[in-house]
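The values are calculated or read from the model by the stated rules, or taken from the named source; none is laboratory data. Keep in mind the model is a prediction, meaning the values are calculated, not measured. Because the Cβ atoms are built from the backbone with ideal geometry, glycine has one as well, and the counts that use them run over all protein chains shown.
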Number of protein chains: 2
Amino acid sequence: MTTKTLHPAGANPGRSRSHNRQMVLGHVRRAGQIGRAEIARASGLSTQAVSNIIADLAGDGLLLEGERVSSGRGLPAVQYSLNPAGGYALGVEIRPDVLLVALLDLNGDTVFSRRTPLVDTRPEEVTAQILTLRKAALTHAGGDPARLMGAGIVMPGPFGTASAAQKGLELPEWSDIDANLWFTTALDLPVFVENDANAAAMAERNGGAGEGVSHYAYLYFGAGLGLGIVTNGQLMQGAFGNAGEIGHITVPSGNGAVVLEQAVSRLSLQAHLAENGIAAATSDALAQLYDASDPHLMGWLNQAAEPLTHAITTIENLCDPQTIILGGAMPDQILDHLIVACALSDRSVSNRDERELPRLMRGRSGRMSATQGAAALVLNHSFTPRLTPH
Amino acid sequence: MTTKTLHPAGANPGRSRSHNRQMVLGHVRRAGQIGRAEIARASGLSTQAVSNIIADLAGDGLLLEGERVSSGRGLPAVQYSLNPAGGYALGVEIRPDVLLVALLDLNGDTVFSRRTPLVDTRPEEVTAQILTLRKAALTHAGGDPARLMGAGIVMPGPFGTASAAQKGLELPEWSDIDANLWFTTALDLPVFVENDANAAAMAERNGGAGEGVSHYAYLYFGAGLGLGIVTNGQLMQGAFGNAGEIGHITVPSGNGAVVLEQAVSRLSLQAHLAENGIAAATSDALAQLYDASDPHLMGWLNQAAEPLTHAITTIENLCDPQTIILGGAMPDQILDHLIVACALSDRSVSNRDERELPRLMRGRSGRMSATQGAAALVLNHSFTPRLTPH
DNA sequence: TCGTTAACTCAAGTTAGTTGAATTATCAAG
DNA sequence: CTTGATAATTCAACTAACTTGAGTTAACGA
């Protein structure tokens, strides 16, 4: 996650081809099914060039040729679609106590997922476990190991050289390690390291609320509260990879200022319930409490709404997204409740007449969303042409 | 400022060349002086390719060939630098009562600047005045009109279809106009429309505090308070071009919540002074008050520090910048005072051990910073290769 | 049924990059 | 003060990848 200032690479025939291959894949993914001429029009290339590139991709097993489909006059266009088995992306989420792994195919469908306890969080041990799970995932899915395109890794931030006070809060053994370099070497794959909120935000691009949305923010309920900001279809990472630490901001509230994640987070909810003698470790337990209209849960929801509304307004004003998605380790009911409970201010720039999406939406919830998002980072990269800074 | 989802363009020989030309110009600009082999190494192109491109650019009058400069063994490299007269960028700032124009040369130096009153803000009138000023600017600077590369336009936001309540607050005649399209047609140039804060943020990239910084935020004191967020060297614009409306957020303060720009902005300062019978319309007047330690000004500074600190912390946590720059329509003294007065929290992710830049810096102040930034948008575009979405 | 339309292919042709050998100028070592 | 190593640069040949223009095929609609 060390972000050095990357200067752009020059374009030469090889890099142009690679760029164009990724671009074509991106068009196929967005469209689901598409013909060559349409890609040519969308990309500004000649149909001949697109034909050549598609022949390449089909030859490499990344595209499947479908039927001709007619649309009006003229020769019906041969449709191409992604070959799900053409590539796989590994998603790994490392938490202090548990290791989560998911394998997605080229379509973004989850073909394997596993949650295993983590007793030893030292890098060597974690890596060994990941290598084992990688093999299991590919075997289980029947995927060719050579078609594994990369791995996304979710780890608790903050990244980089944190201040002494913060260092090693969650995974002390990793605090001095360049995780990106470590995993690139250990897995021998392209690697993308992100925090949970950013990864979960990318998960929404695979058939989720963020599909086809170029600008959105994803408010992620993990242990604390995180934010993934997507601008022009790309994650905003910040200079040190720590953008989106929204849980740490202070917002006004009825009784003065509160730190957001002390009022709005799963931990804060569980602490509030514990104070009232209720243990609710799992999302199911929380869902049941909600369905039973538990007064303590409702009390927490009431006191959480105001700080959350302030946070939403802040995000809208700073980032001007098309929508803000709520997701993560909270039951759907509670997320939906929070969405309704936010009395959104008219003062925001987001309060505009014509909007295509609601200001708040519910995204994927559940424990695996960040893990799937980790894998989605790989897919997103493969479908996004960029004359790569090298 | 309508941001439609742009899909990337394919690469072909012509676009590759254009990309590479921009890339080379960018390297020359960053380095000031540089040899061909160094550009080749930095870009991953062959020296031969760079030689050809540089011959092109020099032939077009964009580069100047300098002396050979030796650095260690081997044939000393011929140095190239930008030809200031090789291109010009026009910056225009439209305010309800005044029109500001600046002309920058390829080096980013201001070769002309003018402030004229604006009595009629109807689009036709404003445009006519701009056309006149463009001619005057080029004549004055001795610049070839054909070398005008584009125009940056600063207008009050919010852009897009704002809600009825907000519509037309500042320039009602423009509320239904697509300013980008309008000026592209009227000026027959590439046009970049931004709000004042974003433009001012880009101005810092020309020999200012933002030069060479890939991630920073720029807090702009205009009428209200705006924020320009630069990520990976590019402005974050948001879905509708309204990102950075930080003045509208509410932050905690001693006596409850305040809307940020009601506590921290030039207007708020002037209102506070007016309540105490002091008129201070100009920056000079404010500077004098500050130098005289005027108690009312000091009182305002005291009450502004806390909300500002909250805002800074929010920006740090959401955007994770290398630094935050304060600038705009405030005297240097007052900006410096505010920088010192912000008691920055240790809770921010920005509180890290190793940082190269201070968390807060003072940028350019004064009336023309947004106007110069408008022109800088053009330069930045010319130096940033991007297989342009078309 | 026949002309129009549009996707697609084939076979040059073009652009812009790469490669490798030759040239030149500086530094450093003997 | 030569001499060899080093590095920038050019020249000429080569190559990759896109474009162009002339067919070919298949669907629609008058």
_Test of understanding: among A:205, A:147, which residue is within 13 Å of chain B (Cβ to nearest Cβ), under 15 Å from residue A:89 (Cα atoms) and modelled with pLDDT of 90 or more?_
A:205
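Could you tell me which of the residues B:251, B:264 is in contact with a Leu (Cβ under 8 Å, 6 or more places away or on another chain) and within 14 Å of chain A (Cβ to nearest Cβ)?
Values: B:264 fails: within 14 Å of chain A (Cβ to nearest Cβ).
Only one candidate passes the filter, namely B:251.
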*When residues of region B:18-51 are filtered for being more than 9 Å from chain A (Cβ to nearest Cβ) and in contact with a helix residue (DSSP H, G or I) (Cβ under 9 Å, 6 or more places away or on another chain), how many remain?*
13
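Given the criteria within 12 Å of DNA strand C (Cβ to nearest atom) and either crowded, with 16+ Cβ neighbours inside 10 Å or more than 12 Å from chain B (Cβ to nearest Cβ) (or both), does residue A:88 qualify? Step through it out loud before you land on a result.
Working: within 12 Å of DNA strand C (Cβ to nearest atom): no; either crowded, with 16+ Cβ neighbours inside 10 Å or more than 12 Å from chain B (Cβ to nearest Cβ) (or both): yes.
Answer is no for this residue.
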*Starting from residues that are modelled with pLDDT under 95 and at negative phi, keep the ones in region A:71-94 and report whichever is farthest from DNA strand D (Cβ to nearest atom).*
A:71
*Can you find even one residue in region A:287-296 that is among the acidic types (Asp, Glu), in the same structural domain as residue A:312 (by TED's automatic domain parsing), part of a loop (DSSP other than H, G, I, E, B) and surrounded by fewer than 21 Cβ atoms within 10 Å (Cβ to Cβ)?*
yes
_Just checking, does region B:267-281 include any residue being more than 14 Å from chain A (Cβ to nearest Cβ), in contact with a Pro (Cβ under 9 Å, 6 or more places away or on another chain) and surrounded by fewer than 18 Cβ atoms within 10 Å (Cβ to Cβ)?_
yes
*of a type outside the set (Asp, Glu), under 30 Å from residue A:385 (Cα atoms), surrounded by fewer than 18 Cβ atoms within 10 Å (Cβ to Cβ) and within 16 Å of DNA strand C (Cβ to nearest atom): does that describe residue B:68?*
no
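State whether one or more residues within region A:2-10 are part of a loop (DSSP other than H, G, I, E, B), more than 10 Å from chain B (Cβ to nearest Cβ) and of a type in the set (Val, Ile, Thr).
Keep residues of region A:2-10 that are part of a loop (DSSP other than H, G, I, E, B), which gives A:2-10.
With the extra rule that they be more than 10 Å from chain B (Cβ to nearest Cβ), the set shrinks to A:2.
Filter once more, keeping what is of a type in the set (Val, Ile, Thr): A:2.
Scanning region A:2-10, I find at least one residue that is part of a loop (DSSP other than H, G, I, E, B), more than 10 Å from chain B (Cβ to nearest Cβ) and of a type in the set (Val, Ile, Thr), so the answer is yes.
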*From the set of residues in region B:24-51 that are closer than 22 Å to residue B:107 by Cα and among the charged types (D, E, K, R), which is nearest to DNA strand C (Cβ to nearest atom)?*
B:36
*asked:* Could you tell me how many of the residues in region A:109-143 are of a type outside the set (Asp, Glu) and not in a helix (DSSP H, G or I)?
replied: 14
_All but one of (1) more than 10 Å from DNA strand C (Cβ to nearest atom); (2) buried (at least 16 other Cβ atoms within 10 Å of the Cβ) hold for residue B:20; state the number of the condition that does not hold._
(1)
*Qualifying residue in region A:235-249 (condition: closer than 19 Å to residue A:27 by Cα and either at pLDDT below 95 or crowded, with 24+ Cβ neighbours inside 10 Å (or both))*: no
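Select from region B:297-327 the residues that are assigned to a helix (DSSP H, G or I) and among the β-branched types (Val, Ile, Thr) and list them in ascending order. Break it down stepwise before answering.
Our first condition is that a residue be assigned to a helix (DSSP H, G or I); within region B:297-327, this holds for B:297-319.
Result: B:309, B:312, B:313, B:314, B:315.
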*Does region B:144-156 contain at least one residue that is in a loop (DSSP other than H, G, I, E, B), in contact (Cβ under 8 Å) with a residue 40 or more places away in the chain, over 23 Å from residue B:102 (Cα atoms) and aliphatic (A, V, I, L, M)?*
no
*Search region B:57-69 for residues that are on the phi < 0 side of the Ramachandran plot and touching a residue at least 12 places away in the same chain (Cβ under 8 Å) and pair each with any residue that is surrounded by fewer than 15 Cβ atoms within 10 Å (Cβ to Cβ) and part of a loop (DSSP other than H, G, I, E, B) when their beta-carbon atoms are under 6 Å apart and the residues are at least 6 apart or on different chains.*
B:69/B:76
*Would you mention how many residues in region A:228-239 are under 20 Å from residue A:261 (Cβ atoms) and at the interface with chain B (Cβ under 7 Å from one of its Cβ atoms)?*
2
*Failed item in (1) of a type in the set (Val, Ile, Thr); (2) within 23 Å of the chain's Cα centre (by Cα); (3) modelled with pLDDT under 95, with residue B:349 passing the rest*: (2)
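Of everything in region B:270-308, what is touching a strand residue (DSSP E or B) at 6+ places or on another chain (Cβ under 9 Å) and under 26 Å from residue A:256 (Cα atoms)? Give them in sequence order. Quick ask: steps written out before the conclusion?
Keep residues of region B:270-308 that are touching a strand residue (DSSP E or B) at 6+ places or on another chain (Cβ under 9 Å), which gives B:283, B:303, B:306-308.
Scanning region B:270-308 gives B:303, B:306, B:307, B:308.
Enumerate the strands (runs of 3 or more DSSP E) found wholly within region A:56-108, keeping only those where 3 or more residues are more than 20 Å from residue A:129 (Cβ to Cβ).
Values: elements: A:63-69, A:77-82, A:88-94, A:98-105.
Passing ranges, in order: A:63-69, A:77-82.
Scan region B:52-65 for residues that are surrounded by fewer than 16 Cβ atoms within 10 Å (Cβ to Cβ) and within 12 Å of DNA strand C (Cβ to nearest atom) and report the count.
So the first thing to find is which residues in region B:52-65 are surrounded by fewer than 16 Cβ atoms within 10 Å (Cβ to Cβ), and the list is B:52, B:55-56, B:58-61, B:65.
Those still in the list that are within 12 Å of DNA strand C (Cβ to nearest atom) too: B:52, B:55-56.
Total meeting the criteria: 3.
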